[in-house]
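Report on the following structure.
Bear in mind that the values in this text are calculations on the coordinates, not laboratory data. Quick caveat: nothing in here was measured; it's all calculated off a predicted structure. In this analysis, Cβ positions are derived from the backbone assuming ideal geometry, glycine residues included, and neighbour counts consider all displayed protein chains.
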Amino acid sequence: MNKNISNYIVNGYHQKTLISEQAKQAGLFFRLALILDSYHPDIDYMCFQDTLYLETLRQISKEIDYDTINISINSKSFSSIETFKKNLLALPKYDRQPPEKICFEKKGRLICFVETEFWVLCGGDYPYSDSYTISFYTETNMSENFINACLLASKETNSEIKEIFNLSLKPPKPSFFKNFF
């Protein structure tokens, strides 16, 4: 386990975290985010923790009652986690990135929306700074199940979750000026 890599879980919203527009339109207001640090002391580039990401996705998918999945990355689309995994792992390590979004559907209805927030190389507020933040949005509060899935994935991959933040379950409202402009 590398203690120099800081991964976190955020249950809810920080004041500056706005809800994804696609999640909002689908009525998926509950958010749980897994923040994957991109710094690794032995690597000279920002790295994506693909093993932890894939195991987390596998564990969380067990908690969702879905019949269709659509994983979107770089204008490609995958209809299974296994196909996405094979494609991702075929790439050189430094070319691997998380998908931009994942849609879990049940009978044609979006029930879980997953969006990657790419804070890599652009800073951001703590704990998001220089991370790949994977936000899971659902209609009902699945935080307990999702946190347990993230912790199990962390254990399975010999990773560490440094802290779990339990924040407001309601998305913050954009400021008047943001709405105005």
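At-a-glance table
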{"item": "Over region 84-181, relative contact order from alpha-carbon pairs under 8 Å, at least 6 apart, %", "result": "15 percent"}
{"item": "Point-charge dipole on Cβ atoms (K/R +1, D/E -1) for region 7-180, about Cα centre, debye to 20", "result": "560 debye"}
{"item": "Vicinal HN-Hα couplings computed from phi for region 80-87 (Karplus, 6.51 cos²θ - 1.76 cosθ + 1.60; Hz; Gly/Pro x)", "result": "8, 5, 4, 5, 4, 4, 4, 5"}
{"item": "Rounded, prolate or oblate (a/c below 1.5 giving rounded, otherwise prolate when a/b exceeds b/c) for the chain by Cα gyration tensor", "result": "rounded"}
{"item": "Cut-off under 5 Å, modelled amide H: who pairs with residue 100 long-range", "result": "72, 73, 74"}
{"item": "DSSP-defined antiparallel bridges as percent of all bridges, the chain, nearest 5", "result": "85 percent"}
{"item": "Residue (of 39, 102, 153) at the positive-pole extreme of the chain, dipole from beta-carbon charges", "result": "102"}
{"item": "For the chain: relative contact order, % (alpha-carbon pairs under 8 angstrom, 6 or more apart)", "result": "37 percent"}
{"item": "Among 30, 6, 75 the positive-end extreme of the charge dipole of the chain (Cβ point charges)", "result": "30"}
{"item": "Helical contribution to [θ] at 222 nm, DSSP H n ≥ 4, -39,500 (n - 2.57), averaged over the chain, rounded to 500", "result": "-7000 deg cm²/dmol"}
{"item": "Relative contact order [Cα under 8 Å, 6+ residues apart], region 49-123, whole percent", "result": "30 percent"}
